[in-house]
Amino acid sequence: CGRERPLLLQKRRYAASPGGARVFSPACRPDVKSPVDNSAAACTMEITDQTEARKRMEYRIERDSMGEVRVPADRYWGAQTQRSHENFPIGVGIETMPMEIIQAFAVLKKAAAIANRELLPARMSAEKCTLISRVCDEILAGELDGHFPLVVWQTGSGTQSNMNVNEVIANRGNELAGKKLLHPNDDVNMSQSSNDTFPTAMNIAACLAVEDRLLPAVSALEQTLLRLEAENADVLKSGRTHLQDATPITFAQEISGWRTSLARDRELLTAALPPLRELALGGTAVGTGLNAPDGFDRAVAAAVADLTGKPFVTASNKFHALTSKDELVFAHGAVKALACDMMKLANDVRWLASGPRTGLGEIAIPANEPGSSIMPGKVNPTQCEAVTMVAVQVMGNDVAVSMAASQGNFELNVFMPVCIYNFLQSARLLAESIVSFNDRCVCGITANREKMAHNLHNSLMLVTALNPYIGYENAAKTAKKAYKENISLKEACVALGFLTEEKFDEVFHPENMV
């Protein structure tokens, strides 16, 4: 390895990485000295690594209408996928097409095969239908995740991702059959176009994200807040408006506001689902249904509904379904509304937990990890911070979804990948952050009853209870005197001659103000 030569003269050796980048072979780095008796083993390891790299670089030849393309031998994708992989090196390995879309494609491809088998039995044989269905099941089980490499930043119609799925299903199906039986376009894409499959995949993925991930997360947090309401029904505290003291409330009433916000968000999300359940499939290229048999749209929607257990239906107007994304904008608006309420809830929690000695300190939240690398014993409201950052991301995503949906031209929207990418990110991040916030923060909230009582009885806004007896102007004078002289409301009111001590005690009951 040249260890005995001066460091500056040593030859740097590289091993090929899967992505084509050159990396130092660990055994031959010029800045690492190895014992002489280890050099042979080290070089053997390097040769083995290079052999494995060469294996990874083996190719097969695939063909499409533009000619031949070299495709990695161990991947099921074909020529069109490879062309896209090479032509769009944007966000590779980071911003790939969401797996929710790939799985939605698997559902619709299986549904299409079933519908085609029913309507076009001469073209879609039982064997072909079975093979397509079997590979789609493998995709849904996550067994083929490494075969969908394409990024979001591709054609605005999502054509390459549609073909990626078609090619994987065809090649994997042919492998299972032991012969070349399936063609990606003629069989897997039968009666379809990228222009109707991608918006269909978008709606399926969006529906499942909202219904199966986001709504359960919201419901679980609602249940936790319902429990906290019952536990704190008798706890009085000071209300606050404009970040200033206000009239009393119970802690349960404050919690009920949080819970009802979530309940309303759940209603809005639920209301957004029916438009998303209308599928573009059957419109093919421009909405006319060219090359699809009569009744295909209804049959394939029924098959999707059967496979997912969700009430999907065919869109009544395919020209609208291909070009307009208004239902996604509406649904993401409900997602954004939830993000706004989560921002408020999380901020309320961290304000109420602020301190522990110099803040409000009215509640305690779980201490999950040390909060500072320099201040021993510091604990921060990190779950609240995560929720609020997610809320900001969702609000930003709403702008992207809205802008993308506005870019329909004639018979097609060509901003679909970025539209659904942001939608699914919002739903996923919000669902996961709500689950984490519930499990690691809200479930462990406890009221500091002593601090709440102290703050309540120290609040000058309790003077509002005196309005019916001494009037607004005199009540204001009472509050100002108590604040200026740092005395109680009772002392100020009696000193000003507005009420006797006995009368003050008779009418002043903070617990009756809630």
Using eta = 1.002 mPa s and T = 20 °C, Stokes-Einstein with Kirkwood Rh from Cα pairs puts D for the stretch 132-208, in µm² s⁻¹, at 163 µm²/s
Between the modelled labels at E450 and W351 (7 Å from Cα along Cα→Cβ) the distance in nm is 2.5 nm
Under the rule rounded for a/c under 1.5, else prolate if a/b exceeds b/c, else oblate, using alpha carbon gyration tensor axes a ≥ b ≥ c, the stretch 267-307 is classed as oblate
Net charge (Lys, Arg +1; Asp, Glu -1) of residues whose beta-carbon lies under 14 Å from that of L322, L322 excluded, is -4
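Report the FRET efficiency, 1/(1 + (r/R0)^6), for T358 and T260, where r is their Cβ-Cβ distance and R0 is 22 Å, rounded to 0.05.
Working: r = 32 Å, r/R0 = 1.44.
FRET efficiency, T358 to T260: 0.10.
Going by average Cβ density within 10 Å per residue, which order do the peptides 481-489, 317-325, 188-196, 155-163 take, highest to lowest? Numbers along the way, then the final one.
Working: 481-489: 14.0, 317-325: 20.9, 188-196: 25.2, 155-163: 22.7.
The packing order, highest mean first, is 188-196, 155-163, 317-325, 481-489.
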In whole Hz, the Karplus estimates of ³J(HN,Hα) for the stretch 488-493 (6.51, -1.76, 1.60; θ = phi - 60°; x where Gly or Pro) are 7, 4, 4, 5, 5, 5
Counting only residues 5 or more apart in sequence or on a different chain, those whose built amide H sits under 5 Å from that of A246 are G239, R240, T241
Computed on Cα atoms, the radius of gyration and Dmax of the stretch 164-306 in angstrom are 25.0, 78
Expected vector for the stretch 289-298, Karplus 3J(HN,Hα) from phi with 6.51, -1.76, 1.60 and θ = phi - 60°, integer Hz, x for Gly and Pro, equals x, 4, 6, 10, x, 4, x, 4, 4, 6
Extension length gain for R63 and E385 (0.36 nm per residue less Cα distance), in nm, is 110.8 nm
Taking r as the C-beta separation of V313 and D212 and R0 as 30 Å, the FRET efficiency to the nearest 0.05 is 0.95
A 1.4 Å probe over the protein heavy atoms gives the stretch 354-419 a carbon and sulfur accessible-area percentage of 62 percent
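Stokes-Einstein D for the chain at 25 °C, 0.890 mPa s, Kirkwood Rh over Cα pairs, in µm²/s?
Details: Rh = 27.8 Å.
The Stokes-Einstein estimate is 88 µm²/s.
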Phi-derived 3J(HN,Hα) across the stretch 333-339 with the Karplus relation (6.51, -1.76, 1.60, θ = phi - 60°), rounded Hz, x for Gly and Pro, is x, 5, 4, 5, 4, 4, 4
Which residues qualify? For V379, with a placed amide H closer than 5 Å and at least 5 residues away or on another chain, they are G371
Plugging the Cβ-Cβ distance of E502 and Y472 into 1/(1 + (r/R0)^6) at R0 = 35 Å yields, to the nearest 0.05, a FRET efficiency of 0.95
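Given 0.36 nm per residue, what is the gain on full extension from A495 to Q244 after removing their alpha carbon distance, in nm? Could the numbers behind the result be given before it?
Working: separation 251, 0.36 × 251 = 90.36 nm, distance 2.56 nm.
Once the chain is fully extended between A495 and Q244, it gains 87.8 nm.
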In Å², rounded to a whole number, the accessible area per residue of the chain with probe 1.4 Å is 49 Å²
Computed over the chain: longest principal axis from alpha-carbon atoms vs helix 99-119 long axis, angle to nearest 10 degrees, is 60 degrees
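What translational D, rounded to a whole number of µm²/s, comes out for the stretch 314-445 from Stokes-Einstein when the hydrodynamic radius is the Kirkwood one over Cα pairs, at 37 °C and 0.692 mPa s?
On the way: Rh = 16.8 Å.
D, rounded to a whole number, is 196 µm²/s.
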For T314, the residues 5 or more places away or on another chain with a placed amide H closer than 5 Å to its own amide H are L279
Expressed in Å to one decimal, the Kirkwood Rh of the stretch 98-257 from all distinct alpha-carbon pairs is 18.9 Å
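The values are calculated or read from the model by the stated rules, or taken from the named source; none is laboratory data. Values in this document were obtained by computation on a predicted structure and should not be read as measured data. Quick reminder, even Gly has a Cβ in these numbers, built from the backbone with ideal geometry, and neighbours come from all protein chains shown. Note: areas computed on protein heavy atoms with side chains; ligands, DNA, RNA excluded. Shrake-Rupley method; radii C 1.70, N 1.55, O 1.52, S 1.80 Å.
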